Structure formats: C-alpha cells, structure tokens
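Input: a single structure, listed below in structure tokens.
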Amino acid sequence: MKAIQTLLILWLVGITFSCSAVYEVRYDYDQRADFTGLKTYDWLPIPDKADIESLDITRIKTAVNAELQAKGLIMTSDNPDLLIAEHLGKKDKVKVRDWGYGYAPYGGYWGGYRGSGGVSVYEYEEGSLILDFVDAESKKMIWRGVAKAEVDDQSTPDEREKLIKEAVQKILDNFPPPASK
C-alpha cells in the first residue's frame, strides 16, 4: 500500500512540474480591422503610476519584439501602423479542492493519513500579462492578448525570463488573427 501511495505522489508531482506555467491564454480583436496591411509597430509609453518592474518591462519588450519580427513586422517610431501597450498585474488566489472523500482519522484508506479528509487548499499569486495593439491612425484598440500564470517573487531572473517568453509566445500565436471572410 505504501508503494502505491508513493507512486501516486510521485506521479502527481511529475504532472505538476511538467505542466506549462502559463495556464490561460485568450485574445480578442476587432473583426472589421484589416490586419494584412500592418508592417510596423512601436511601443506606447508606460504610465509613471504603473507598478511594473523595469527589468520585466525589458523582458516583455524583448520577447514581443522577437516574436513580431519573426512574423515580419518592423519596430519603428517613424509613423508606425501599430502601437503596443503592455499591462502587468498580480493578485492572490486560493484554490480549494474537495476530493469527495474523508477517511481520516481512523487509519484506513491512505495508510493512516490523518488530515482534513478530502479537502486541499493551495494559495498562490496569479500574474497577468496583457498586450493591447492599437491602430496608430485611429487610436482604437484592434487586438488584445492576455496570458495568466502562477508567479513567484522568489523566482530567478532566468525563470522570470522563461515565463515571460512563454507567455508572449502563446499570446502572439494568435496574432494576427485569421482574415475575415
């Protein structure tokens, strides 16, 4: 019984660490916008009151620039087609799971596990990255991409860069959107 319990725990840990850190990506766009003529872009300034770490700003811009240049877009401040705004946010989250069983405290099913039965509570911090693409001429937003991931303030610079690259890549997989029919 202990061997099965150990294997189950190792399997759950393996699944947890093999999953992508970015767990939600979505996008929306103006279906009337013509994305075929977009060739150039520039960045909108970040408001002074924005609480974004300057190192993360650089990481995001580097990742977005690489993805967009791979799609054939060129960054220029000379009359760009698109303007890009980046937004970052964090909030505390709690995930509660009721596994539907409670065999403790009498020994039994999980080899004498004494706990709260079939409920687990997991607290974490959720980070959101939002990229807004604005038509430079009309000043109207034409595309928005959002990625959410579990973040850790204790992560290393390499881990932060990897997470940002993954989020940006997954967001921009959906840009430009398919041509309207």
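Within segment 156-177, not a single residue is crowded, with 16+ Cβ neighbours inside 10 Å, modelled with pLDDT of 75 or more, in a strand (DSSP E or B) and of a type in the set (F, W, Y).
Selection of segment 138-160 for residues being in contact (Cβ under 8 Å) with a residue 60 or more places away in the chain and either farther than 23 Å from K90 by Cα or more than 12 Å from the chain's Cα centre (by Cα) (or both) yields K140, M141, I142, W143, R144, P157. The criterion of at least 1 residues that are at pLDDT below 75 is met, among strands (runs of 3 or more DSSP E) falling completely within segment 21-133, by 82-98.
The values are calculated or read from the model by the stated rules, or taken from the named source; none is laboratory data. In this text, all values refer to a predicted model and were calculated from it rather than measured experimentally. Ideal geometry is used to build each Cβ from the backbone, glycine not excepted, and the neighbour counts take in all protein chains shown.
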